[in-house]
Structure formats: structure tokens, C-alpha cells
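Read through the structure below, which is laid out as C-alpha cells, and then see the notes.
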Amino acid sequence: MTYPTQPEASHFIDGAYVEDDSGAALPVIYPATGETIADLHAATPALIDRALAAAKRAQPAWAAMTGTERGRILRRAADIMRERNRALSELETKDTGKPLQETLVADATSGADALEYFGGLAATLSGEHIQLGDDFIYTRREALGVTVGIGAWNYPTQIACWKAAPALACGNTMVFKPSETTPLCALKVAEILKEAGLPDGVFNVVQGYGEVGAGLVEDERVAKVSLTGSVPTGRRVYAAAASGMKSVTMELGGKSPLVIFDDANVEDAVSAAINANFYSTGQVCSNGTRVFVQDGIREAFLARLSERLGGVKMGDPLDETTNFGPMVSARQREIVEGFIARGREEGARLVAGGGRPTGMSDENGYWVEPTVFADVTDEMTIAREEIFGPVMSVFGFATEEEALERANATIYGLSAGVFTRDLARAHRFVGKLEAGSCWINTYNLTPVEAPFGGMKMSGVGRENGQVAIEHWSQLKTVYVAMGEVEAPY
């Protein structure tokens, strides 16, 4: 099967597609060509209210179902998603520009994993019994209520599922707003959930720009907000949620270090650096864009990296031999090219890339070559600010102590990695890294079983893993007295 790029309507509310042409125009652009492949509309205030009302109305009955019943629906949706992986992957490629070679294995599949994992956990959610002599206490794990998910444009299917799966498993309902840049895939998630048996109103999708997100976050019916996005957006959303005492999960940006010691396997380290900088054309929040290579192997690392970049194949993202796609938008390409210019101006040594690829259209597609800078110093702009594009900065270092101090010298704390054959050093080093998700001798593997999230300015809370249940539910404590009640008068 193949999904058309033009959906039946812009929004999915209360189990059905809904349109309101009076909403702001929201064109969908195929990043590989610049072609408009769909025309949607942003949600009006009336549609926002309609979605929240549907979620509010559906929530008590959904929460009253047993965890086993809720989990069965989520697992059925996971099965459907896997059966339609190719069609979903092709749509994701058109939505984001990412190569089909990548989306076939990393997008809808990881979304299905989340639905299956939290579908399995749903039946296990319970409280505890605490005996106090004849008296006792028990706790109840309860849903939060109506929740809001706000997605980023780099992994639209995965992010929708990473937020919806634990939320729904716990008995919450959700209104999800995808990024206005990549609005298509979340609609298919909603379709599949309904087909799997999800009651109407439990998962709703509304499209729009920042004002739609603000309207959702600020509504008094909303108990929880989960955002994947930039730090500036996170600040605004966090502040708005705080005014209503809402629970939040913030998965924000990063400027993560990848530290490679001179005893590392160079080939593996180069592979990890490629994955940590150029997968999804560098548009991954956890990317290890500050690559610290110990002085003894730095030039060998750069030489091998340059050789490996000869294997980059740009072209039609729907061709499965293509392994490097365009930027998601003209604006994002402009931002990345601005950082590349600053790197040159501030004295970094350009090792590879730095421009638009020869033979690729400069006018229609949003292409940037994979770019590597060496001799980067810590005060340079490309060393401090999140680029969110295919730009790797390589630094040298002499000692473990120096590498640790410099790796932590950032406002961000999303991710970090270390390569070394000395496992004692590896564990010692990651134990001191100020980052929420760390890797030893690999990078950017994020199975649903593993909690994911940041420290410092990179976020609040965790997604995935069993700990996510804590962020999508609340505990009620009940004290049961078995004797008489005493009072001082």
C-alpha cells in the first residue's frame, strides 16, 4: 500500500478527520525538491477547544478500562504499524526528506516498539501495600487526565508514539500537535490507533504553529505537557505550564560530547562519529557534535573520517541506495550555512564539505554537504551553539581530566559518549559526565527500554523505559485506620 501525501483533512479529532479552511495555511514541502506535496490548515481556537473537549470526555472511560484492555489496543496498533512499515516510511521520507534507507529501520519501527512496550507494561501498573501494625496504607497509580504532546520535525512518527504510548498506557488521553514542518505522519498514527480499537477522543491530532501549541498548553483542562524541541521553545512552554501547575516532560536540545581516547578502535570511533553527526542529516537532538579526539590518534581519525565520507550518496531519498538526505527546510539550511560561515571566519580548519553538493539543485532542494571542522577551540560559535545540521567539530585533548572538564563545559546535558578499550576508565568517565544519556563504545542507540532525557538546559523528566510511567501517572496514598481515633480534647 501507499499513503497519499494529501491527507483526508488536516486534523484528527474524536475519532474522525476534521477540516476548517479558515485556519492559517500550512503547506507541506518535500525537502528533496522544494515541491509542495500537501496543503493543510492550522487549527482554529474552536478546533483546539473541540479536541480538548473530546479528550476530556473520553478520559474517564479510558482510565476505567483495565490495563490489560488498554495494552491490548496499543499492542494491536504496534502490529498494524509494523505491517505497514514501508508505506509509513515512505510518507516519513516525504515529510522529512530523510532517506528511505533510514526511515525503513528507524522511524515507524521505533514507534511500534513504543506501542508494544508500553502496551505490555499497562497491565502491570499498580500501587503498594504498607502495613503499620493493624493499620495499613495502600497507594493507587492513577492517570493524570488530559495531556498534550508537542512534537519536533525530525522524527514525527517516533515522537508521536514515544509520547502517546506511555500516556495512553496509564489511562490518559492526549491531544498531539506535530511540528508544522512535518505534519503528515501523526495523522497516520491516529488512524492506526483507531483501527486497533482505541475509543474516539483518546488520541487527537491538531496542526498549527506556535499559537496552537500555546493554546493547548495554557488550557486549564490539560494536566500534563510533553515537548520535544529547542531550548528557547522549552523555556516558553515550561513557563506556561508552570503557571497552571501542570506536569511537564521537556526533551530539549544538546551540544553533546563524544570523547575518543587514543586506545580506541579507530574504525569503530569513526563509525560512531558519522552516526553521531550525519544520521538524519545531523538533525538529531542527541548528536555528539563535539568530537574530542586524543592527540595521539587525532590526525589518523581525521584521515580515516575523510576517506569514509567518500561513501556518502546523495540523491532521491526514496532510492534505498541514497544514504544522505537534504535539510528539512530552506530556513534550516540557512541556519546551518550561517554556522559553517562562522566556523570559517573564526579560524576552524575545514576538513570536508562546507558547501552545497555539486550537481544538486541549489534552488529546489535543501542540500548541504556533510561538513567537518578540525582545530576547533572551545570558545568558537560552532563549539558552543546547537547547529542541528551535518556539521562536526573535532577537538584535540591530552589527558582524561582535560577531556572531562571540557566535555562538561556547556549549558546542555542531553547526551555524551566515550570510546576506549579501558572499561574501568569508560565507567569512571561516564560517571562524571553531566549528561542524561551516555554511551560507551557506541553512540545514539535509543531502544524503548532505555530511559531517555537530559540534564541542565537539555530537559526535565525522562521518556521511555519503565521510569516513563512515573511521568505519565500520579500516586494516591490511602491510609486505612483499623482502630479508634484519638484526639487531645
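Miscellaneous remarks
- Pairs of lysine residues in the chain - Cα separation under 19 Å, sequence separation of 8 or more or cross-chain: 25
- Normalised by 2.2 N^0.38 Å, with N the number of residues, the alpha-carbon radius of gyration of the chain equals 1.02.
- With Cα atoms as the point set, the stretch 318-367 shows a radius of gyration and Dmax of 12.5, 38 Å.
- Of all DSSP-defined beta bridges confined to the chain, some 40% are antiparallel rather than parallel.
- Once the Kirkwood radius over Cα pairs is known for the stretch 160-297, the Stokes-Einstein relation at 10 °C and 1.306 mPa s delivers a diffusion coefficient of 91 µm²/s.
- Accessible surface, the chain, averaged per residue in Å² (probe 1.4 Å): 39 Å²
- Residues with amide H under 5 Å from that of residue 260, placed H, sequence gap 5 or more: 292, 293, 294, 419
- Ranked by how many other beta carbons lie within 10 Å on average, peptides 92-98, 477-483 from highest: 92-98, 477-483
- Taken over the alpha carbons of the stretch 351-485 as equal point scatterers, the Debye sum produces base-10 log I(q)/I(0) values at 0.14 Å⁻¹ of -0.85.
- Amide H contacts under 5 Å for residue 20, placed H, 5+ residues apart: 10
- Kirkwood hydrodynamic radius (C-alpha pairs) into Stokes-Einstein, the stretch 43-147, 4 °C and 1.567 mPa s, D in µm²/s: 77 µm²/s
- Percent of C-alpha pairs per 5 Å bin in the stretch 437-489, short distances first: 4, 14, 15, 16, 11, 7, 5, 6, 6, 7, 4, 2, 2, 0.
- Alpha-carbon centroid distance for the pair the stretch 147-181 / the stretch 188-244, whole angstrom: 7 Å
- Per-residue HN-Hα couplings for the stretch 217-226 [Karplus 6.51, -1.76, 1.60; θ = phi - 60°; Hz; x = Gly/Pro]: 5, 7, 5, 5, 6, 8, 9, 8, 10, 10
- Degrees separating the helix 67-83 axis from the principal Cα axis of the chain, which is the longest one: 30 degrees
- What the Cα convex hull of the stretch 114-226 gives, in volume per residue, is 117 Å³.
- q = 0.25 Å⁻¹, the stretch 308-400: log10 I(q)/I(0) [Debye, one scatterer per Cα]: -1.31
- Most to least packed among 218-230, 344-356 [average Cβ atoms within 10 Å]: 218-230, 344-356
- Quarter the surface of the alpha carbon convex hull of the stretch 117-179 and you get the mean projected area, 5.2 square nanometres.
- For the chain, the longest principal axis of the alpha carbon atoms and the long axis of helix 85-96 meet at an angle near 70°.
- Accessible carbon and sulfur surface of the stretch 1-123 relative to its total accessible area, %, 1.4 Å: 51 percent
- Cα-based shape type of the stretch 3-101, given that a ≥ b ≥ c are square roots of the gyration tensor eigenvalues and the cut on a/c is 1.5: oblate
- Rounded if a/c under 1.5, otherwise prolate or oblate - the stretch 32-87, Cα gyration tensor axes: oblate
- Helix 156-169 and the longest principal axis of the C-alpha atoms of the chain enclose an angle of approximately 30°.
- Full-stretch length increase - residue 82, residue 299 - with 0.36 nm per residue and alpha-carbon distance subtracted: 73.8 nm
- Mean Cβ count within 10 Å, highest first, over the residues of peptides 441-451, 380-390, 133-143, 112-122: 112-122, 380-390, 441-451, 133-143
- Averaging the Cα positions of each part gives two centres, and for the stretch 369-392 and the stretch 426-462 these lie 21 Å apart.
The values are calculated or read from the model by the stated rules, or taken from the named source; none is laboratory data. Bear in mind that the values here come from a model prediction, so they are computed numbers and not experimental data. Counting neighbours? That spans all protein chains shown, and the Cβs are built from the backbone with ideal geometry, glycine included. Accessible surface is based on the protein model in full, side chains and every heavy atom, while ligands, DNA and RNA are left aside. Shrake-Rupley method; radii C 1.70, N 1.55, O 1.52, S 1.80 Å.
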